[in-house]
Every structure is written in C-alpha cells, then in structure tokens.
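Asks: If you scroll down you'll find the structure; I have some questions about it.
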Amino acid sequence: MRFSLRPTETTFYDLFAESAAHLVEGAALLASMLDASADRPSIAERMREAEHEADETTHAIVRRVNSTFVTPFDREDIYRLASNLDDVMDFMEETVDLIGLYEIGELPSEFASQVEVLQRACEVTADAMPRLRTMKDLEEYWIEINRLENQGDRSYRRIVASLFSGKYKTLEVMKLKDVVDSLEHAIDALESVANTVEQIAVKES
C-alpha cells in the first residue's frame, strides 16, 4: 500500500475534475459553431459564460492553494495544472470569438476533423482528472493525449496546405488560418495538461 505523509485534500481533486468538465462543455459549444445555420451569437455568448465559469474554478484552485498549509502534491504543480487547463478554455473561447468576429460563413469541412480531435482530447482529460486522487491508471491517459495531439498536427498541416492551395481568397485564408491556429493551440494546451499530469505522477510514485 502506498503511504504518504500528506493528508488527503479532496477539494483539489474535485476542482480539477470541475475544470476539465468545463472543457468538455466548451468543446461541445465550439463544435456547434461549425454549423453555419446555427445561432452563432448565442453560442458565442454561452461560450463566454462557460469561459467565465472556468476562470472561477481556476481562481478557486489558486485560493485553495494559498489557504492550505499542506497540499496533496507540490504547489507549483497545482498552479501549473490549473493554468494549463485554463489555457485550453481560453483558446477554445478565442476560436469561437474569431469565427463570429470574422463573420465566417461555412467553414471548410477539414475543420470538423480538427474539432473532433479537440473534443475527444477534452473528454479523455475529463475522464482522467478524478484519477489524480490515486495516481493510478493515468499512463493510458497521457499516451492517448499524445496520440490525439499527433493526429491533430497532421490534420492541422492538411488544413493549412488546403488554405494555401489557391482555392481561397487571400483575406479568407488569413481569417481561416487564425481560426485553425487557435484550434491547434487548444490541442497543444491539452498536451501540456497531460505532460503536467505525467510529471506529477512520476513525482508522487
């Protein structure tokens, strides 16, 4: 049986699970933006609310760190994990915002595959967060996130190649490139979450 001198502080685990749940909601809202006939202003407003709720969870984690004498794992790792999770939500909100601000109509079909990768990575992350309590069965999580990130990279390169193929107008290329870059940043941020979890698991093993 694994023994630890640190007391069990379940609040942190609950907050990390809550933070990851916000990502699943944000990814679903982002996916709904792919439909040009959807009420995009309404979706964007819901996304801003979801991002605000995610910020509140991040602040709650920070407040908890600052008011807890002994934390379940290193303080700097708690800060880093909270920040990484927050980054994912920020990039997703940015993507939704750009689609609205740029008044983009029908997004190229290739974007759907990138969003699917993002959604899956958010779901895998949300599934993994509760396992921080025991630090067990987490390896499959970061391996899967790495696989998804690689898949996202391939999808990103195909999208960029398509944008610069000559079938899009210059201004349209610039707008769509900004959107796909934000998507890519969100997926990269999810890999940063997984890398941080792996570092924590190694330290605590």
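The values are calculated or read from the model by the stated rules, or taken from the named source; none is laboratory data. As the structure is a prediction and not an experimental result, all values here were calculated from the model. Ideal geometry is used to build each Cβ from the backbone, glycine not excepted, and the neighbour counts take in all protein chains shown.
Let's see how each residue does on (1) among the polar types (S, T, N, Q); (2) more than 17 Å from residue 122 (Cβ to Cβ); (3) modelled with pLDDT of 95 or more; (4) touching a Lys or Arg at 6+ places or on another chain (Cβ under 6 Å):
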{"position": "39", "(1), (2), (3), (4)": "no, yes, yes, no"}
{"position": "44", "(1), (2), (3), (4)": "no, yes, yes, no"}
{"position": "50", "(1), (2), (3), (4)": "no, no, yes, no"}
{"position": "53", "(1), (2), (3), (4)": "no, no, yes, no"}
{"position": "56", "(1), (2), (3), (4)": "no, yes, yes, no"}
{"position": "64", "(1), (2), (3), (4)": "no, yes, no, no"}
{"position": "67", "(1), (2), (3), (4)": "yes, yes, no, no"}
{"position": "82", "(1), (2), (3), (4)": "no, no, yes, no"}
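Asks: Next question. When the range 132-153 is examined, which residues are found to be out of contact with any Phe, Trp or Tyr (no Cβ under 6 Å at 6 or more places or on another chain), surrounded by fewer than 17 Cβ atoms within 10 Å (Cβ to Cβ) and either farther than 19 Å from residue 95 by Cβ or at pLDDT below 95 (or both)?
Replies: Correct list: 134, 136, 137, 139, 140, 143, 146, 147, 150.
Asks: Of the residues 169, 203, 175, only one is out of contact with any helix residue (DSSP H, G or I) (no Cβ under 7 Å at 6 or more places or on another chain), in contact (Cβ under 8 Å) with a residue 24 or more places away in the chain and more than 23 Å from residue 13 (Cα to Cα); which?
Replies: On inspection, the qualifying residue turns out to be 175.
Asks: For the range 25-63, enumerate the residues that are outside any loop (DSSP other than H, G, I, E, B) and among the small types (Gly, Ala, Ser).
Replies: Residues satisfying the conditions are 26, 27, 28, 31, 32, 42, 44, 50, 54, 60.
Asks: Of all residues being under 13 Å from residue 197 (Cα atoms) and not in a loop (DSSP other than H, G, I, E, B) in the range 65-79, which is farthest from the chain's Cα centre (by Cα)? Just the residue, please.
Replies: Of the range 65-79, the ones under 13 Å from residue 197 (Cα atoms) are 73-74, 76-79.
Adding the requirement that they be not in a loop (DSSP other than H, G, I, E, B) leaves 76-79.
Values: 76: 20, 77: 17, 78: 16, 79: 16 Å.
Per the stated criteria, the residue is 76.
Asks: Let me ask another. How many of the residues making up the range 117-144 are within 30 Å of residue 172 (Cα to Cα) and free of Cβ contacts under 8 Å to residues at least 60 places away in the same chain?
Replies: Qualifying residue count for the region: 1.
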